[in-house]
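Below you'll find the structure, written out as structure tokens, and then a few comments.
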Amino acid sequence: VESGLPSRSGDVWIATNRGLFVWEKSTGEFQYCVGEEWNLDPTDMKTLLEDQYGYLWIGTWSSSLLRYDVEKREAHRCSYLPELRSSHTLFQDDNDNIWVGTWGEGLVKLQDPYNEEFISCVNYRHIAGNKHSLLDNIIYAISEDSEGRLWIGSRSGLSILNDPDNPNSFTNYTP
């Protein structure tokens with residue numbers, strides 16, 4: 001089990017290295033959510049996020065980011081964005097922006113994430129020699145403080161994004 005997510009409906013979604021499971025509140029039982037019925041493959045899933053519209057966002061180890069429509073059982077894969085190949089952690093900020101912490105590609109902010117044809121992104125990366133860039137390109141955790149700043153936990157330490165419009169506005173702390 002990589003991640004668990006209690007949904008607003010009361011169901012609990014479970015991401016595993018063999019795909020997605022759901023514990024249904026109505027039945028008290030688990031279902032394995034892969035195959036033709038669910039339109040999902042048994043992919044190594046790392047992280048889950050339920051957005052304000054009820055979509056389930058699924059970060060995978062090497063199969064990109066998925067936006068899953070639970071009601072229609074349709075998966076929309078962001079496979080055309082190489083930055084999202086290994087989506088390791090997900091976060092939605094107070095402004096409803098969706099952020100993806102990747103394994104090797106840094107921090108990604110999704111632009112127009114509900115556009116069926118083309119989602120774009122802004123990539124925040126570690127730049128050697130730039131003390132105000134992201135500290136590392138392997139991201140473990142994302143959170144937001146009361147002032148709207150993002151706190152990024154990485155393999156190398158902590159980065160705080162002071163201005164989301166400036167990819168070189170990080171304050172970094174290392175052990």
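The values are calculated or read from the model by the stated rules, or taken from the named source; none is laboratory data. Since the structure is predicted, the reported quantities are computational estimates derived from the model, not experimental observations. Positions of Cβ are backbone-derived with ideal geometry, glycine not excepted, and every protein chain shown enters the neighbour counts. Just so you know, the surface numbers come from the protein's heavy atoms only, side chains and all, with ligands and any DNA or RNA stripped out. Shrake-Rupley method; radii C 1.70, N 1.55, O 1.52, S 1.80 Å.
Per residue, the solvent-accessible area of the stretch 35-114 (1.4 Å probe, heavy atoms of protein chains only, all protein chains present) comes to 43 Å². Shown for the stretch 123-170: the carbon plus sulfur share of the solvent-accessible area, taken with all protein chains present and a 1.4 angstrom probe, equals 50%. Between the stretch 102-126 and the stretch 1-45, how many Å separate their Cα centres? Computed from Cα coordinates, the inter-centre distance equals 24 Å. Of the accessible area of the stretch 17-73, with the probe set at 1.4 angstrom, what percent is carbon plus sulfur? Answer for the stretch 17-73: carbon and sulfur cover 43 percent of the accessible area.
Below 8 Å between Cα atoms, with a sequence gap of 6+, how large is the relative contact order for the chain in percent? So the answer I get is 11 percent. Restriction of the GluC sites (Glu not before Pro) in the stretch 31-64 to DSSP coil positions whose beta-carbon has at most 12 other beta-carbons within 10 angstrom yields 36, 37. Computed over the chain, the P(r) curve from all C-alpha pair distances, binned at 10 Å from the origin, holds 10, 39, 33, 15, 3, 0 percent per bin. Along the stretch 143-148 the Karplus relation, 6.51 cos²θ - 1.76 cosθ + 1.60 evaluated at θ = phi - 60°, assigns HN-Hα couplings of 8, 10, 8, 5, 9, x Hz to successive residues, with x for each Gly and Pro. Loop-resident GluC sites (Glu not before Pro) (DSSP state other than H, G, I, E or B) in the stretch 92-136 with no more than 10 further Cβ atoms inside 10 Å of their Cβ: 116, 117. For residue 127 and residue 97, the FRET efficiency from 1/(1 + (r/R0)^6), where r spans their Cβ atoms and R0 equals 35 Å, is about 0.95. Along the chain, the exposed loop sites are trypsin sites (Lys or Arg not before Pro) outside DSSP states H, G, I, E and B with at most 10 other Cβ atoms within 10 Å, and the longest stretch free of them is 9-71.
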